[in-house]
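Heads up: the structure comes next, in structure tokens.
The values are calculated or read from the model by the stated rules, or taken from the named source; none is laboratory data. Please read these numbers as outputs of a predicted model, since none were measured by experiment. Because the Cβ atoms are built from the backbone with ideal geometry, glycine has one as well, and the counts that use them run over all protein chains shown.
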Ligand code: SF4
């Protein structure tokens, strides 16, 4: 039977698209991420960005929002390697905001180390995506309740994943 007690969040949605095993491990709190240098770098970048921003960083429930303006909710990512994952994570945040009466467009900005230009993608939440999000949330809940850990399959992004050693070494 499906439980209503699992809290899906934006990170889990991102991982669900990137790798179901990563989603499972993170969601079930086999959480090695605190030791991951990359995650620490990500956090530091996030803090710097928040300080540089003229807008105050806001946090609503379990979501951290980099920047909220009158028109956009902006998320800054280090790489556009997994665009789908980043998009659905941001759609999820837009949906949570909308449920609180805050309707915004999403803006994803990719700041890549070796690229001079920043790439931006604008997202608008519609009924189709909202329904898909419901479905994704249900699928994640089912995944996390399963007794079977999804198998490790090497893919782009594994080397940057906090579970890399756990999966492959
Ligand atoms: S290392 Fe690769 S296979 Fe293992 S959890 Fe991370 S992304 Fe998934």
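Considering every residue within the stretch 117-124, establish whether at least one is more than 20 Å from residue 7 (Cβ to Cβ), modelled with pLDDT of 90 or more, touching a helix residue (DSSP H, G or I) at 6+ places or on another chain (Cβ under 8 Å) and surrounded by 13 or more Cβ atoms within 10 Å (Cβ to Cβ). Checking the stretch 117-124: at least one residue is more than 20 Å from residue 7 (Cβ to Cβ), modelled with pLDDT of 90 or more, touching a helix residue (DSSP H, G or I) at 6+ places or on another chain (Cβ under 8 Å) and surrounded by 13 or more Cβ atoms within 10 Å (Cβ to Cβ). Scan the stretch 118-126 and tell me whether some residue there is more than 16 Å from the ligand (Cβ to nearest atom), outside any strand (DSSP E or B) and farther than 18 Å from residue 13 by Cβ. The answer is yes, given that some residue of the stretch 118-126 is more than 16 Å from the ligand (Cβ to nearest atom), outside any strand (DSSP E or B) and farther than 18 Å from residue 13 by Cβ. Contact map, the stretch 158-169: residues that are more than 6 Å from the ligand (Cβ to nearest atom) paired with residues that are in a loop (DSSP other than H, G, I, E, B) and modelled with pLDDT of 90 or more, Cβ distance under 8 Å, separation 6+ or inter-chain. Pairs shown: 168/152; 168/154. Would you tally the residues in the stretch 141-157 being more than 15 Å from the ligand (Cβ to nearest atom) and surrounded by 13 or more Cβ atoms within 10 Å (Cβ to Cβ)? Residues in the stretch 141-157 being more than 15 Å from the ligand (Cβ to nearest atom) and surrounded by 13 or more Cβ atoms within 10 Å (Cβ to Cβ): 2 in total.
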